[in-house]
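Structure first, commentary second.
The values are calculated or read from the model by the stated rules, or taken from the named source; none is laboratory data. As the structure is a computational prediction, the values presented were derived from the model and not from experiment. Cβ sites come from the backbone with ideal geometry, for glycine too, and all protein chains shown count toward neighbours.
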Amino acid sequence: MNNCQLKDRILRYDRMVPRYTSYPTAPHFRPGFDHKAYADWLTAIPQESRLSLYLHVPFCPKMCWYCGCHTKITRRYAPVEDYAHLLIREIEILGGVLGSSRKATNIHFGGGSPGMLRARDFSLIMETLAKTFTITSDAEIALEIDPREITENRIKAYADHGLNRASIGVQDFNDETLKAVNREQPFELTQKTVEMLRNQDIEGINFDLLYGLPYQTVKTMEETIEKSVSLSPSRFALFGYAHVPWMKKHMRLIPDQSLPQKEIRYDLFEKGSNLLQEAGYLPVGIDHFARPDDELIKAYKNKTLRRNFQGYTTDNADVMLGLGASSIGKLTGGYVQNSPDMPVYTQAILDGHLPTVKSCAITAEDRLRADVIEQIMCFFEVNLPEICKKHGVPTETFTADLDKLTPWIEDGLVTLSDEQTITIAENARPTLTRLVSAAFDAYLPAQDPATPRHARAI
Ligand SMILES: C[S@@+](CC[C@H](N)C(=O)[O-])C[C@H]1O[C@@H](n2cnc3c(N)ncnc32)[C@H](O)[C@@H]1O
Ligand code: SF4
């Protein structure tokens, strides 16, 4: 099959499916889970478990119209400062439930824009974390940075507290595109942010880029990649813009006619992916690229790569605990989510409670399917009998799901070996992987097609 035929086939299969950063996915989390139920899950975590901590900072100075994250706009610092103090209190409450000497191997500040945290507040948060947990000497401490509002002073303070990885929101370098999404960010700002990080010896730098934004063309993608590569970050994420105006009203400010059609989206990703690979980056999963010496490549090669709410990761902690409004955690029993509603979140903390409001208990079948889906999302391949054996279920468990693969197998895009190993063809991986994963999602068919929840796969 030549490239045009491949594109034609793949586009025909496009439909709305989750990004599988969890299974079951977030729309299946249910309300009615309070701090008492959460405390039971927390105290059941074995003492020796490695913990990954995710701290959400839901503030930005200006709304990007493509934004799908949980954030709130504030030009003033006072709400961010107040929130930092709530986060500190939440860490202390969590520590009270968990008990001392718990080992933290990963700390991730996400948002919103956690780079809004001033040096003093970041220091207070890190000091509280250090008092509450034993942060391992090799812990990864990462933060998402928006170059438009970061300062040298703040980066220095973050580095003094152990920051060793930064993910920079770049998105695109084309002026027309950036203007259309309300995000003006000249190349020089990103360049300066990279320099400031390197001045503090922070070499673990990721760039987030988006394809599918207004007015993007193959030519503008070429220019964006060329400029990005000139700054040589260690990793790239090239995310497909998820346009979900029924969930995020500000996305309606992006005119429909400015958005590239799915044929162009396909070309944009292909161009971006080819140029990154020509520049020496290796693909990881459906949308990440990394230098050959990057830990992500090592994790892919030695099969320890994981997928969590932050996307592809080397984080292999046993448990993830979410702190801050809306953040999600994953424990042995299942997923938990804090209230995304700031007054509810605030009141819980002031009352001395953890602000957990939703959960999704994971059944044995969920665990089995989550394993299959994570294997597919990370490695494009899964041996079903091996997974069935690991979970103690009969090999025939997936017979009905396998039927859903038939059209792709007939098209040569997926192979099913005699040993029942499913493999996605190399040239179909970026586009077909979410769709193949969806074939093993037991919750998906139950959804009402009239109420879309996800963005398109391409
Ligand atoms: C929390 S933001 C990054 C940090 C910072 N706020 C910034 O924008 O620079 C995380 C990333 O999510 C991605 N993102 C945001 N909205 C998206 C959407 N609707 N579809 C796909 N990716 C999106 C962007 O690439 C963004 O850099
Ligand atoms: S993309 Fe980043 S800066 Fe823009 S609104 Fe979303 S979280 Fe804020």
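Odds and ends about this structure:
- Tallying residues that are in a strand (DSSP E or B) and of a type in the set (Val, Ile, Thr) within segment 319-364 yields 5.
- Single condition residue 95 does not satisfy, out of (1) among the small types (Gly, Ala, Ser); (2) assigned to a loop (DSSP other than H, G, I, E, B); (3) surrounded by fewer than 17 Cβ atoms within 10 Å (Cβ to Cβ): (2)
- Total residues in segment 1-21 satisfying the condition of being part of a loop (DSSP other than H, G, I, E, B) and either of a type in the set (Phe, Trp, Tyr) or more than 18 Å from residue 432 (Cα to Cα) (or both): the figure is 1.
- Annotation note: of 55, 87, the sole residue that is crowded, with 17+ Cβ neighbours inside 10 Å and more than 16 Å from ligand 1 (Cβ to nearest atom) is 87.
- Inspection of segment 59-82 finds no residue satisfying the criterion of being of a type outside the set (A, V, I, L, M), farther than 30 Å from residue 170 by Cα and either away from ligand 1 (no atom under 14 Å from the Cβ) or free of Cβ contacts under 8 Å to residues at least 40 places away in the same chain (or both).
- Among the residues here, residue 162 does not qualify as within 15 Å of ligand 1 (Cβ to nearest atom), on the phi > 0 side of the Ramachandran plot, of a type outside the set (Lys, Arg) and in the same structural domain as residue 60 (by TED's automatic domain parsing).
- For segment 143-150, the condition of being closer than 17 Å to residue 59 by Cα, in a helix (DSSP H, G or I) and modelled with pLDDT under 95 holds for at least one residue.
- Among the residues of segment 71-105, those identified as under 21 Å from residue 352 (Cα atoms) and among the charged types (D, E, K, R) are 81, 82, 89, 90, 92, 102.
- Residue within segment 41-53 that is within 16 Å of ligand 2 (Cβ to nearest atom), among the hydroxyl-bearing types (Ser, Thr, Tyr) and assigned to a loop (DSSP other than H, G, I, E, B) present: no
- Test: residue in segment 272-295 that is of a type in the set (Lys, Arg), assigned by TED's automatic domain parsing to the domain that holds residue 193 and touching a helix residue (DSSP H, G or I) at 6+ places or on another chain (Cβ under 6 Å): no
- Residue count for segment 137-165 under the criterion of being within 16 Å of ligand 2 (Cβ to nearest atom) and crowded, with 18+ Cβ neighbours inside 10 Å: the result is 9.
- Positions within segment 105-137 being among the aliphatic types (A, V, I, L, M) and either part of a strand (DSSP E or B) or within 13 Å of residue 55 (Cα to Cα) (or both), in sequence order: 107, 117, 125, 126, 129, 135
- Pair list, Cβ under 9 Å, 6 or more apart: segment 365-376 residue within 15 Å of residue 305 (Cβ to Cβ), other residue assigned to a helix (DSSP H, G or I) and hydroxyl-bearing (Ser, Thr, Tyr): 373/437; 374/437; 376/433; 376/437
Every residue, every condition in (1) within 17 Å of residue 349 (Cα to Cα); (2) not assigned by TED's automatic domain parsing to the domain that holds residue 141, yes or no:
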{"position": "7", "(1), (2)": "no, yes"}
{"position": "17", "(1), (2)": "no, yes"}
{"position": "39", "(1), (2)": "yes, no"}
{"position": "48", "(1), (2)": "no, no"}
{"position": "57", "(1), (2)": "yes, no"}
{"position": "60", "(1), (2)": "no, no"}
{"position": "66", "(1), (2)": "no, no"}
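- Which numbered condition residue 78 misses (of (1) over 18 Å from the mean Cα position of the chain (by Cα); (2) surrounded by 14 or more Cβ atoms within 10 Å (Cβ to Cβ)): (2)
- All positions within segment 277-322 that are out of contact with any Gly (no Cβ under 9 Å at 6 or more places or on another chain), acidic (Asp, Glu) and within 30 Å of residue 226 (Cβ to Cβ): 278, 293
- Sole exception among (1) more than 26 Å from residue 102 (Cβ to Cβ); (2) within 17 Å of the chain's Cα centre (by Cα) for residue 307, by number: (1)
- Qualifying residue in segment 323-332 (condition: at pLDDT below 95 and either more than 30 Å from residue 230 (Cα to Cα) or not hydrophobic (A, V, I, L, M, F, W, C) (or both)): yes
- Selection status of residue 190, more than 13 Å from ligand 1 (Cβ to nearest atom), of a type in the set (Ser, Thr, Tyr) and either at pLDDT below 95 or closer than 30 Å to residue 263 by Cα (or both): no
- Of all residues in segment 18-39 being crowded, with 20+ Cβ neighbours inside 10 Å and polar (S, T, N, Q), the one that is nearest to residue 357 (Cα to Cα): 25
- Single match in 202, 168 (criterion: in a loop (DSSP other than H, G, I, E, B), out of contact with any Cys (no Cβ under 7 Å at 6 or more places or on another chain) and among the aliphatic types (A, V, I, L, M)): 202
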